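Worksheet: one structure, shown below.
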Protein chains: 2
Amino acid sequence: MKVTIIGLGLIGGSIAIDLRKKGIATSLAGIDANGTHASTALKFGLVDSLEESTESVKEADLVIMAVPVHALAKILPHVLDAIGDKTIVLDAGSTKSAICKAVVNHPKRKQFVAAHPIAGTENSGPEAAFSGLFKGKTTIICEKQKSSVSALETASLVFEALEMNVIYMEPEEHDKHVAYVSHLSHVTSFLLGQTVLDIEKDEKNIAMLAGSGFASTVRLAKSSPDMWAPIFEQNMEYLSQALQEYIIHLQRFQYHLMKRDTQELHRTMTEANQIRRILNGIEVKNNVVSQAENKSKVELAN
Amino acid sequence: MKVTIIGLGLIGGSIAIDLRKKGIATSLAGIDANGTHASTALKFGLVDSLEESTESVKEADLVIMAVPVHALAKILPHVLDAIGDKTIVLDAGSTKSAICKAVVNHPKRKQFVAAHPIAGTENSGPEAAFSGLFKGKTTIICEKQKSSVSALETASLVFEALEMNVIYMEPEEHDKHVAYVSHLSHVTSFLLGQTVLDIEKDEKNIAMLAGSGFASTVRLAKSSPDMWAPIFEQNMEYLSQALQEYIIHLQRFQYHLMKRDTQELHRTMTEANQIRRILNGIEVKNNVVSQAENKSKVELAN
């Protein structure tokens with residue numbers, strides 16, 4: 001399959017590596033507006049060739065778009081304009097409503113699959129790409145009914161090669177859920193980082209006291225602002241709602257703290273301990289549950 | 001050296017393992033109010049024998065107290081009452097002001113070293129104890145001037161055996177700093193956990209979308225409420241200040257989010273990215289910097 005990847009960062013680069021490894025991609029062309037990223041991706045062998053414009057996608061069997069979501073919503077209609085009759089386009093954006101809206105009336109909408117493979121690290125760029133990033137994780141496909149059967153078959157091939165479980169949702173449902181389990185935790189990390197950096201200006205040496213617990217909690221604060229600012233903007237409403245709920249929880253905690261109501265603090269933490277159930281689920285999902293089992297679970301639950 | 005450990009959880013248990021391994025402890029007695037913890041610690045060989053009351057500490061060369069901080073402040077004076085003339089007492093509490101105040105006028109204050117070895121995991125109890133928990137990490141000793149030379153020498157032996165760097169601070173300074181780099185990140189994790197659990201009640205399947213980023217950010221929400229509620233209570237003022245600053249940062253972020261001021265969101269995240277510097281410091285501290293180098297750094301900085 002002739003594959004073109006638009007956006008050669010952590011996500012695009014890691015997809016390229018595994019599509020080649022599994023024999024899905026027989027040739028890989030790359031496009032990236034950032035010249036350094038493009039040449040690094042070529043140098044590392046993530047792609048075989050670089051292209052300058054999206055006009056060349058006419059000949060591709062599959063185009064994968066892994067650019068920041070504001071660029072995605074803007075470029076996607078032009079990419080659909082340019083593709084051939086048999087080309088399938090797949091995106092990897094972390095928001096889905098704005099992206100689906102951008103092509104809702106496009107005559108080639110059927111050739112597009114709106115997807116969000118939920119995976120990543122706090123690192124970015126082609127040098128951060130690696131094989132296995134997606135293994136055992138979940139992809140959400142939105143507006144399944146608007147994609148053709150052959151487009152969905154191609155998407156299945158890709159996500160099987162990446163060893164991902166696939167589930168289906170509508171864009172609004174997707175955006176709401178990821179606001180809580182992904183976007184919110186990025187915001188909490190970024191601002192924990194900023195709070196500690198702020199106090200550090202006045203209090204020397206505070207950094208050297210930070211341990212592994214702090215490191216874990218603040219890890220996502222290293223994430224790329226270029227990638228996350230547009231995600232937050234596109235998912236403003238749901239993220240804002242999640243953030244508001246988080247702030248209310250914090251304020252309630254602080255109220256009990258200041259009243260020295262240790263019993264109530266204890267009760268809150270005991271409740272929060274139940275997150276073990278979800279975290280164990282993440283481990284199970286990443287290690288044990290097969291694609292088939294996971295599919296049937298979702299079907300039962302829906 | 002005859003060692004008695006009061007509190008046989010993650011911290012007390014891990015200290016026991018390494019003091020025996022390094023030949024510091026020739027005999028290890030244990031005391032724990034929780035009968036299950038006590039018998040597990042004996043079964044796992046963390047200690048050689050169990051004792052019922054603190055009266056038996058008279059014969060010990062060294063007593064290490066690793067109980068929750070409210071119990072610590074309460075029991076410590078009685079332990080000092082009971083010890084022999086040559087017994088040294090060391091604590092491992094995560095707060096220092098309340099603990100130092102509890103014994104400020106005790107006639108045996110000189111035999112006590114107020115210490116906080118900064119290490120831990122989200123797990124608790126004797127089954128969570130392991131060798132190497134403290135390796136490469138930092139211990140803060142407070143009110144050094146109130147401990148005798150021989151007490152400080154014994155403390156040095158212990159922290160060398162645990163392969164820790166030792167720095168010195170006054171209790172208030174300690175409590176302020178750990179409020180930001182340790183206690184705050186526990187609060188942010190607990191309440192992120194609670195927020196997601198809350199929304200999960202209405203939105204089925206949200207848990208299965210959580211990825212490794214969420215898992216990292218929320219990891220500390222698994223921590224023990226029995227241990228953390230008293231820490232938060234004792235460090236109420238500084239933690240409340242840190243929490244207030246965090247909430248203000250979150251509210252400011254939300255304001256820019258709702259105004260769709262993506263440029264300002266980008267600026268905030270770029271600032272937060274500087275946390276890499278602190279996180280790299282944690283890695284360096286845990287892997288490379290020798291005790292001697294670290295000591296001289298602190299001396300230069302003070």
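The values are calculated or read from the model by the stated rules, or taken from the named source; none is laboratory data. What you see is a predicted model; the values in this text were computed from it and never measured. We place every Cβ from the backbone using ideal geometry, glycine too, and count neighbours over all the protein chains shown.
Among the residues examined, A:Val57 does not qualify as within 21 Å of A:Leu157 (Cα to Cα), in contact with a helix residue (DSSP H, G or I) (Cβ under 7 Å, 6 or more places away or on another chain) and in a loop (DSSP other than H, G, I, E, B). If the condition is being among the small types (Gly, Ala, Ser), under 14 Å from the mean Cα position of the chain (by Cα) and either on the phi > 0 side of the Ramachandran plot or at pLDDT 95 or above (or both), then region A:98-124 contributes A:Ala114, A:Ala115, A:Gly120. Considering (1) in contact (Cβ under 8 Å) with a residue 12 or more places away in the chain; (2) out of contact with any helix residue (DSSP H, G or I) (no Cβ under 8 Å at 6 or more places or on another chain); (3) over 13 Å from A:Ala129 (Cβ atoms), the lone condition that A:Thr36 does not fulfil carries the number (1). Can you spot a residue in region B:42-54 that is part of a helix (DSSP H, G or I) and within 22 Å of the chain's Cα centre (by Cα)? Among the residues of region B:42-54, not one is part of a helix (DSSP H, G or I) and within 22 Å of the chain's Cα centre (by Cα), which makes the answer no. Taken over region A:185-212, residues that are more than 7 Å from every other protein chain (Cβ to nearest Cβ) and among the basic types (Lys, Arg) amount to 1. Between B:Asp81, B:Asp91, B:Asp32, B:Asp18, the distinction of being over 27 Å from B:Gln234 (Cα atoms) and either over 20 Å from the mean Cα position of the chain (by Cα) or not basic (Lys, Arg) (or both) belongs to B:Asp18 only.
Among the residues here, B:Arg252 qualifies as over 26 Å from A:Met269 (Cβ atoms), more than 7 Å from every other protein chain (Cβ to nearest Cβ), surrounded by fewer than 24 Cβ atoms within 10 Å (Cβ to Cβ) and not acidic (Asp, Glu).
Just the residues that are crowded, with 24+ Cβ neighbours inside 10 Å, within 20 Å of the chain's Cα centre (by Cα) and of a type in the set (Gly, Ala, Ser), please, taken from region B:183-221. Correct list: B:Ser185, B:Ser189, B:Ala221.
Exactly one of (1) surrounded by 21 or more Cβ atoms within 10 Å (Cβ to Cβ); (2) modelled with pLDDT under 95; (3) under 16 Å from the mean Cα position of the chain (by Cα) is unmet by B:Ser224. Its number? Going through the list (1) surrounded by 21 or more Cβ atoms within 10 Å (Cβ to Cβ); (2) modelled with pLDDT under 95; (3) under 16 Å from the mean Cα position of the chain (by Cα), B:Ser224 breaks only (1). If you go through region B:55-78 and keep only what is within 23 Å of the chain's Cα centre (by Cα) and hydrophobic (A, V, I, L, M, F, W, C), you end up with B:Leu62, B:Val63, B:Ile64, B:Met65, B:Ala66, B:Val67, B:Val69, B:Ala71, B:Leu72, B:Ala73, B:Ile75, B:Leu76.
Given the residues B:Ala102, B:Ala82, which is the only one that is of a type in the set (Gly, Ala, Ser) and under 22 Å from B:Val178 (Cα atoms)?
On the way: B:Ala82 fails: under 22 Å from B:Val178 (Cα atoms).
Exactly one residue qualifies, and that residue is B:Ala102.
Here is a yes/no grid of residues against (1) within 28 Å of A:Asn165 (Cβ to Cβ); (2) more than 7 Å from every other protein chain (Cβ to nearest Cβ); (3) under 31 Å from the mean Cα position of the chain (by Cα):
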residue: A:Trp228; (1), (2), (3): yes, no, yes
residue: A:Ile231; (1), (2), (3): yes, yes, yes
residue: A:His256; (1), (2), (3): no, yes, no
residue: A:Asp261; (1), (2), (3): no, yes, no
residue: A:His266; (1), (2), (3): no, no, no
residue: A:Gln274; (1), (2), (3): yes, no, yes
residue: A:Ile278; (1), (2), (3): yes, no, yes
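Which of the residues spanning region A:118-127 are in contact with a strand residue (DSSP E or B) (Cβ under 8 Å, 6 or more places away or on another chain) and more than 10 Å from chain B (Cβ to nearest Cβ)?
Start the filter on region A:118-127 by keeping residues that are in contact with a strand residue (DSSP E or B) (Cβ under 8 Å, 6 or more places away or on another chain), which leaves A:118.
Correct list: empty.
Where helices (runs of 4 or more DSSP H) sit wholly within region A:165-223, those with at least 1 residues that are closer than 30 Å to B:Gly136 by Cβ occupy A:184-202, A:212-218. Among the conditions (1) more than 9 Å from chain A (Cβ to nearest Cβ); (2) touching a Cys at 6+ places or on another chain (Cβ under 9 Å), B:Thr154 misses just one, which is (2). Screening the candidates B:Val63, B:Val67 for the property of being outside any loop (DSSP other than H, G, I, E, B) and either at pLDDT 95 or above or surrounded by fewer than 20 Cβ atoms within 10 Å (Cβ to Cβ) (or both) yields one hit, B:Val63. Against the condition over 25 Å from A:Ser148 (Cα atoms), out of contact with any helix residue (DSSP H, G or I) (no Cβ under 6 Å at 6 or more places or on another chain) and of a type in the set (S, T, N, Q), how does A:Ser124 come out, does it pass? For A:Ser124, the condition - over 25 Å from A:Ser148 (Cα atoms), out of contact with any helix residue (DSSP H, G or I) (no Cβ under 6 Å at 6 or more places or on another chain) and of a type in the set (S, T, N, Q) - is not met. What do you reckon, is B:Val67 within 20 Å of B:Val113 (Cα to Cα), assigned by TED's automatic domain parsing to the domain that holds B:Leu162 and of a type in the set (A, V, I, L, M, F, W, C)? Here the answer is yes, as B:Val67 does meet what is asked. The condition of being more than 7 Å from chain B (Cβ to nearest Cβ) and not in a helix (DSSP H, G or I) does not hold for A:Phe159.
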